[in-house]
Each structure stands twice: as C-alpha cells, then as structure tokens.
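**Student:** The structure under discussion is supplied below as structure tokens; questions concerning it will follow.
Just so you know, all these numbers are worked out from the coordinates, no wet-lab data involved. Every value quoted in this text rests on a predicted model; they were computed, and no experiment measured them. When we count neighbours, we look across all protein chains shown, and the Cβ atoms used for this are built from the backbone with ideal geometry, even at glycine.
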Amino acid sequence: MTRFLQTAMHAFMLSAAHKSSGKTSVSIGLCAALASRGMAVQPFKKGPDYIDPMWHARAAGRPCYNLDPYLASAGEICRAWRQRAAGADVCLVEGNMGLHDGLALDGSNSNAALAAMLDLPVILVIDARGMTRGIAPLVLGYQAFDPNIRIAGVILNRIAGQRHESKLRAALDHYTTIPVLGAIPETPELAIDERHLGLVPSSEADDAAERIDRLRQAVAAHVDIERLLALTASAASAPAPIAPLRRKADLRIGIARDAAFGFYYAEDLDALRDAGAELVPFDTLRDQHLPAVDGLFIGGGFPEVMAAELAANVTLRAELCRAIEGGLPVYAECGGLMYLSRSITWQGQTHAMVGAIPADAVMQRKAAGRGYVDIEATADHPWLPVGAAIRAHEFHYSTLINAAPGLRHAWRVQRGHGIDGRQDGIVHHNMLAAYSHLRSLPGCEWPTRFVAFVRQCAAAKHAAEPLAACA
C-alpha cells in the first residue's frame, strides 16, 4: 500500500468497531470543538455519503470531501487529500462501518486500508454499552489484526455512568497500552434523528445549530482534546492552498438547495465552477419561478418527505416542466428523478410532481437499489461518449411504475439496479435523470462534460439552431 508524508499539522481517522457506534456524532462534536478553538478543521468522509458530510461541513465551517477507495485510485485519493488538506490545522477523516469492513475480503477498500494509504493514526470509537472487562480483548483484537494500523487511542461512547467508565478504563489500562482519550455518557439529547437513508440531513433539521453545539459541549467536556492533538500531530505542516485552475464563469447553472434536495458532493460543485459555471441556488419549496439560468442540476434528497410542499408549489413545477420541454439542459440524480416524474407515492399518499418524466415514483418498504453500480453510456446519453464505463453508487427506496413505452435511457446497468436492473437514466430532450449518483473523478469528469453540454445548448439557442442538435 502506497504511503506518503502527512500534509496537515494534525490528522487522524475516526473509526469504530462496527457501524452505529456513534462515531458520526463524535466526529461532528470534534469538528465543532476544534473549530471553536480557532483551528481550521478540514473534514473528510470515507465512502459514498452525502448526509454525514452535510453535518461535518456545518460543524467545521468548511466543505467536507469524500474519499472512496472503490471509486478512486490510491493516487487520486492522495492527490485529493493533499489538495483539500491545504491550509488546515486539523484533518479529520470519518470512516464508514467498522474499521476493517469493506467490499473486498482482503480489506483493500476498508477504513483501515484508507488509514494506511494516508498514513493516518486511528482513533477508535467504541459503543461500550453492556461491556466491562470484555472491552480489552476487543481492542487487543483490533490492534493485533493488522499491526500496520496504528490505533492511537479510543473514545468510549454511550457510557452508563462513572462506575461503568471506571471499569472500562481499568480493563484497558491493565491489558492494553492504548490510551483512553474520552468517555462520553449515554445522552438521548445528543442523538441525531435517523430515517431510511441514515441521519436526517442538517438542511432539514431546524435545530441543527443547537444539536451541533450540544455535541461540541459533550466532546469538550468528556474528550481530552489536548492529548488527542498531541497523539495525532504530523511531522509536516499543511501545504499552502493552491488556487484552482478555474475558467471564468460564462454560464449559469441552477442548483436545487433546500430541505428537499441537498445531496451534492463538494468536489462536484468545485468541478462545475472550475468548468466555468456560476452556481445559482433555488428553492423548490418556496421559489415561485426558476432563476435565469442556462441549465439545472437537481441532486438527491428526500422529496418524498417534502412531497406535499413540493406539490403545493404548482407555479414552479409547471415552469420547470415547460423549461424541460423547451430544451433546457437538466441533470437530476435520484431524488431529482423522483421530483421530475408525474407523482410520488409514500405512506399511502400520492402527490403530483413536475411531470417531465412519464412515470410515477413509488416508495417501497425496502431499498430497491443500494450500493455501488457499474454503468455504461448508451448512444442516447446526451453528454458522454457511447460505451463510457463508469463506477457510481445508488441508494433508493423508490421505483418507477406506469412508465410510458419507448423511453430512452442513458445507461446500461452492468452491476446494480438503476431503474429496472438493466437500464438507468431517462433522457428526454436535453434532460437526463437517473438513480445513479456520479462522482467527479478521472474517467468520470461529468461536471466538465455537463457544463460543455450546457454551453453547447446555450450557443445553439442563441444562434437559433434546433435544440435537438444539442442532444
């Protein structure tokens, strides 16, 4: 595994023995606690995830970036790490699932592998409910399983009380050499509500600032931050920020950002700007009209939760449908696909949506598509060459029903589910709407391709050429 010199003053991975250990809450609290000290905190999240990074970004005051060993090569991850670490005092990488969990049996895409790749010490968050002396063999096992992984300390979570904490500390002190950096009590007020896709996004939580501050206070009170910083100090200082090679903005792309839609990767938004797009936010719940734009990007989210509010905005829905019929370039992912359909049905209620896609979205009790996907561009893809092979991911509980015959699709699904297990990405005029979520990575520079397509359509429109030529 390739290793390289740390590029931040302090850097570490926060992982856990298993998922649902509370490491996201601890990560959010640490980001906020460190930022409150005046430190520049750069958060990262391992794997495909939108919701946790939204909380991290809000707590740290800087965009959170994803590091995914399945979608990106080691070289690409290291380059992204160095670039995003620039100017930071602390870099915190939150793992997903458990430390050694991952798709590959050899652990090559696990949290541990990412920690080894970036030469990061690991802080292990342990859900200590129901444990006393048994915590020692657990920690010893994680320490012995891969001696190349440096577990710098543990944070005990969901402690029942002082007596419980004393027993845990005594066991770890007697049987291991790994320091306990904190012990956070079980407190229901610290929990962040969850639903079918994970945590409720910070964009939906009216009390997000208060929740983050409670987590900050808990971490500040129960974690030895000074010792954590001492154990995660790097031999090298963070590099100076590098100005991006950004093209001067020559077009405007509207982006849906509200309580219904918020699933966007920070690097994708950076790449859209670098390609020359000014990003213009609009609110699908409150704005009556679309902003003056050359194209639209509608990401994922929870339109089913906000379906009544989305349906009530009749003026915007009608205007958006007319714009798509008129040839406006639109890219939509997952929740955006659902919004552009005729209707959304969830929990026995059906609400009308935009209607640009002649199909209805119905929420299922179990996930219809979940995990990584391998997809290949068809001849109908509006802005990628035929045969372009892409790795992406999906996570959706909805399926499309009552689809009109003869729909064109942008993707052939080699692995995953997409729309029907064989195809994904509905193409209509200059709109592409798919369940698959793309990442801006070498080999899949979709923001650059999409911006070029929007630019081409805008030029054709101004020249009064048929918009069909853009597709």
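**Student:** At 222 nm, what helix-only mean residue ellipticity would the chain give, in deg cm²/dmol to the nearest 500, using -39500 (n - 2.57) for each DSSP H run of four or more?
**Tutor:** That comes out to -9000 deg cm²/dmol.
**Student:** Ok, one more. Kindly rank 417-423, 121-127 from highest to lowest mean number of other beta carbons found within 10 Å of each residue.
**Tutor:** Top of the packing list down: 121-127, 417-423.
**Student:** For the range 251-470, what class follows from the C-alpha gyration tensor (a ≥ b ≥ c being the square roots of its eigenvalues): rounded when a/c is under 1.5, otherwise prolate if a/b is larger than b/c, else oblate?
**Tutor:** Numbers: a/c = 1.42, a/b = 1.10, b/c = 1.29.
Rounded.
**Student:** Now a separate question. Tabulate in residue order the Karplus-calculated ³J(HN,Hα) for the range 307-315, using 6.51 cos²θ - 1.76 cosθ + 1.60 with θ = phi - 60°, rounded to whole Hz; enter x for Gly and Pro.
**Tutor:** Working through the residues one at a time gives 4, 4, 5, 4, 5, 5, 7, 4, 4 Hz.
**Student:** OK, next. Shape call for the range 248-312 from the C-alpha gyration tensor, a ≥ b ≥ c root eigenvalues: rounded (a/c under 1.5), prolate (a/b greater than b/c) or oblate?
**Tutor:** Details: a/c = 3.77, a/b = 1.65, b/c = 2.28.
Oblate, since a/c reaches 1.5 and b/c is not below a/b.
**Student:** Using packing as a proxy for protection, rank 76-84, 23-31 so that the peptide with the highest average count of other Cβ atoms within 10 Å comes first.
**Tutor:** In descending order of packing, they fall as 23-31, 76-84.
**Student:** While we're looking at this one, here's another question. Tally the DSSP beta bridges in the range 251-470 and give the antiparallel ones as a percent, rounded to 5. Don't skip to the answer; put the middle values down first.
**Tutor:** Values: 31 of 50 bridges.
Of those bridges, close to 60 percent are antiparallel.
**Student:** Now, a different point. Of the DSSP beta bridges with both residues in the chain, give the percent that are antiparallel, rounding to the nearest 5.
**Tutor:** Rounded to the nearest five, the antiparallel share is 45 percent.
**Student:** Dipole of the chain, Cα-centred, from +1 at each Lys and Arg C-beta and -1 at each Asp and Glu C-beta, to the nearest 20 debye? Don't skip to the end; give the middle numbers.
**Tutor:** On the way: 45 positive and 48 negative charges, 128 e Å.
Dipole about the Cα centre, nearest 20: 620 debye.
**Student:** For the range 10-231, divide the Cα radius of gyration by the Kirkwood radius and give the resulting Rg/Rh value with two decimals.
**Tutor:** Details: Rg = 16.3 Å, Rh = 17.4 Å.
In the range 10-231, Rg relative to Rh is 0.94.
**Student:** Given the Cα-Cα distance of ARG322 and GLU226 and 0.36 nm per residue of separation, how much length would full extension add, in nm?
**Tutor:** Taking ARG322 through GLU226 to full extension adds about 28.8 nm, to one decimal.
**Student:** For q = 0.08, 0.11 Å⁻¹, what log10 I(q)/I(0) does the chain give under the Debye formula with an equal point scatterer on each alpha carbon and no solvent?
**Tutor:** Normalising to I(0) and taking log10 leaves -0.50, -0.91.
**Student:** Mind ranking 340-346, 397-403 by how tightly packed they are, going by the mean number of other C-beta atoms within 10 angstrom, highest first? Mind dumping the intermediate values first?
**Tutor:** Working: 340-346: 22.0, 397-403: 17.0.
Output ranking for 340-346, 397-403: 340-346, 397-403.
**Student:** Mind checking the alpha-carbon convex hull of the range 71-130 and giving the volume per residue in Å³? Don't skip to the answer; put the middle values down first.
**Tutor:** Details: hull volume 6.3 nm³, N = 60.
Dividing the Cα hull volume of the range 71-130 by its residues yields 104 Å³.
**Student:** A follow-up question, please. Pull up all non-local amide H partners of GLY369: gap of 5 or more, or a different chain, and H-to-H distance under 5 Å with H placed in the peptide plane.
**Tutor:** HIS396
**Student:** Cut-off is 10 Å between beta-carbons; in what order do CYS64, CYS321 appear when sorted fewest neighbours first?
**Tutor:** If I rank by nearby Cβ atoms, fewest first, I get CYS321, CYS64.
**Student:** I would also like to ask the following. If you add up the charges near ALA40, with Lys and Arg at +1 and Asp and Glu at -1, over every other residue whose beta carbon is less than 13 angstrom from its beta carbon, what do you get?
**Tutor:** Residues close to ALA40 contribute a combined charge of +2.
**Student:** Could you tell me how far the Cα centroid of the range 13-88 sits from the Cα centroid of the range 288-314, in Å?
**Tutor:** 28 Å
**Student:** Evaluate the relative contact order of the chain (contact order divided by residue number), counting alpha-carbon pairs under 8 angstrom at least 6 apart; express in whole percent.
**Tutor:** About 12 percent, as a whole number.
**Student:** Here's something else I'd like to know. What does the C-alpha gyration tensor say about the overall shape of the range 350-471? Classify as rounded when a/c is under 1.5, otherwise prolate if a/b is larger than b/c, or oblate.
**Tutor:** Oblate, since a/c reaches 1.5 and b/c is not below a/b.
**Student:** Could you please state, rounded to a whole Å, how far the C-alpha centre of the range 100-136 is from the C-alpha centre of the range 328-404?
**Tutor:** 34 Å
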